[in-house]
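As C-alpha cells, the structure follows; a few thoughts come after it.
The values are calculated or read from the model by the stated rules, or taken from the named source; none is laboratory data. Keep in mind that what you see is a predicted model, and the values were worked out from it rather than measured. When we count neighbours, we look across all protein chains shown, and the Cβ atoms used for this are built from the backbone with ideal geometry, even at glycine. Keep in mind that these areas ignore ligands, DNA and RNA; they rest on the heavy atoms of the full protein, side chains included. Shrake-Rupley method; radii C 1.70, N 1.55, O 1.52, S 1.80 Å.
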Amino acid sequence: KGAVYEPGASATVEWLSRPIRPGPVGDPYGLSGCEPQPVQRTEGTVQVWLSPFQDRRDGYTCGDPHEARMVLERDGVVVGEADTYWSELPVEPGPGTFRLTYEQSGFDPYAHESSSVWTFGSTGPGLLPLVIVDYDLPLDVRNRPTSRTAKFTVDQVTGAPDAPVAGLDVWTSVDRGATWQAAPVTPRRNGRFDVTLPRAAEGTAVSLRVDARDTAGNRLEQTLLDTYVA
C-alpha cells in the first residue's frame, strides 16, 4: 500500500529480513494481483497457494523460486503433486488427515533451500489449519546477529480454526544440515518462545530446523538451510 509522509517525518521500514521462508498467507492484502490466497478446501479440491518468499507473517512478493515441488497426501496416500507453489488438487469429500510437503530452492535475494511439511486435519470445506512459525532473529541491518537469543512465535494461519500451541523444538546446524544440534527453547506466553542460537565463527552459515505443534494435532516441520550468516 502507498504511504504519504509529511516534511520532516521519519519512518522505519523493514525489508527482506532473514530468514526468508515459504508459507501460507491468511490475510491477503495489496492490489498487485499476485498476492496469494488462503490455503483452503472446497467440496472437491484443496487449493494451495503459498508465498515462496516470506520474511514476516502474511508477507509475500511477486517473485518465483528457481525450483519448487509440492506433494499432498491424505491419510498416507498421495492425492496430488505439482512443480510449483500453487495448485488445485482434487480430494474426495469427508474427514481426513492431510500432509502437505513443499520444497524449494532459489538464488535471490540470496541462495536458499528449504523443506516444509504441514500436517493438518480437515472435515470439509473451509480454511485449513496450517501451523506457522514467525522467526524473529536478532539481526542488524546487514542481517548479522547481534545476540544469541531469538524469539519464535508459533501460531495458525489467520482465519483458520484455532487451537492452543502444544510445543516447539528447534535444531541448528553449521554444516548445511549434515549434523544437527538441539537448541535450548524457553516457552513464554501466547505461543512465544525464546531460542538460543549457536556460537558460530564469523562468516559461518547457520541453518534452522523447527517442529511446531498445536493441541489439535496440526504440525509444521520446517528446515531452512543457510538461514543467516554469523
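Return a yes/no flag: does region 188-195 have any residue that is farther than 16 Å from Thr153 by Cβ and either in a loop (DSSP other than H, G, I, E, B) or open to solvent by 40 Å² or more (accessible area, probe 1.4 Å) (or both). Before you say what the answer is, go through the steps one by one.
Within region 188-195, the subset farther than 16 Å from Thr153 by Cβ is none.
The answer is no; no qualifying residue exists.
Where in region 49-103 are there strands (runs of 3 or more DSSP E), lying fully within it, with 2 or more residues that are aliphatic (A, V, I, L, M)? It would help to see each step written out before you state the result.
Working: elements: 51-54, 67-74, 77-82, 86-90.
By residue number, 67-74, 77-82.
Restrict the check to region 65-74 and report whether at least one residue is over 16 Å from Ser105 (Cβ atoms), of a type in the set (Asp, Glu) and either at pLDDT 90 or above or under 14 Å from the mean Cα position of the chain (by Cα) (or both).
Checked against the condition, which is being over 16 Å from Ser105 (Cβ atoms), of a type in the set (Asp, Glu) and either at pLDDT 90 or above or under 14 Å from the mean Cα position of the chain (by Cα) (or both), region 65-74 yields at least one hit.
Considering only region 142-160, how many residues are open to solvent by less than 80 Å² (accessible area, probe 1.4 Å) and either outside any strand (DSSP E or B) or at positive phi (or both)? Full working, then the answer.
Of all residues in region 142-160, those open to solvent by less than 80 Å² (accessible area, probe 1.4 Å) come to 143-145, 147, 149-150, 152-160.
Right, trim to either outside any strand (DSSP E or B) or at positive phi (or both) and you get 143-144, 147, 157-160.
Residues that pass the stated criteria total 7.
With the condition kept exactly as written, say whether any residue in region 117-129 is of a type in the set (A, V, I, L, M, F, W, C), outside any strand (DSSP E or B), in contact (Cβ under 8 Å) with a residue 60 or more places away in the chain and buried (at least 18 other Cβ atoms within 10 Å of the Cβ). It would help to see each step written out before you state the result.
Narrowing region 117-129 to residues of a type in the set (A, V, I, L, M, F, W, C): 117-118, 120, 127-128.
Restricting the remaining residues to those that are outside any strand (DSSP E or B) gives 128.
Retained after the next criterion (residues that are in contact (Cβ under 8 Å) with a residue 60 or more places away in the chain): 128.
If we keep only those that are buried (at least 18 other Cβ atoms within 10 Å of the Cβ) too, we end up with 128.
Looking through region 117-129, at least one residue is of a type in the set (A, V, I, L, M, F, W, C), outside any strand (DSSP E or B), in contact (Cβ under 8 Å) with a residue 60 or more places away in the chain and buried (at least 18 other Cβ atoms within 10 Å of the Cβ).
Looking only at region 60-114, which residues are among the hydroxyl-bearing types (Ser, Thr, Tyr), in contact (Cβ under 8 Å) with a residue 60 or more places away in the chain and buried (at least 16 other Cβ atoms within 10 Å of the Cβ)?
Tyr85, Tyr102, Ser114, listed by residue number.
Got a sec? Which of Thr158, Thr123 is of a type in the set (Val, Ile, Thr), in contact with an Asp or Glu (Cβ under 7 Å, 6 or more places away or on another chain) and more than 26 Å from Val206 (Cβ to Cβ)? Spell out how you get there, then give the answer.
Values: Thr123 fails: in contact with an Asp or Glu (Cβ under 7 Å, 6 or more places away or on another chain).
Among Thr158, Thr123, only Thr158 is of a type in the set (Val, Ile, Thr), in contact with an Asp or Glu (Cβ under 7 Å, 6 or more places away or on another chain) and more than 26 Å from Val206 (Cβ to Cβ).
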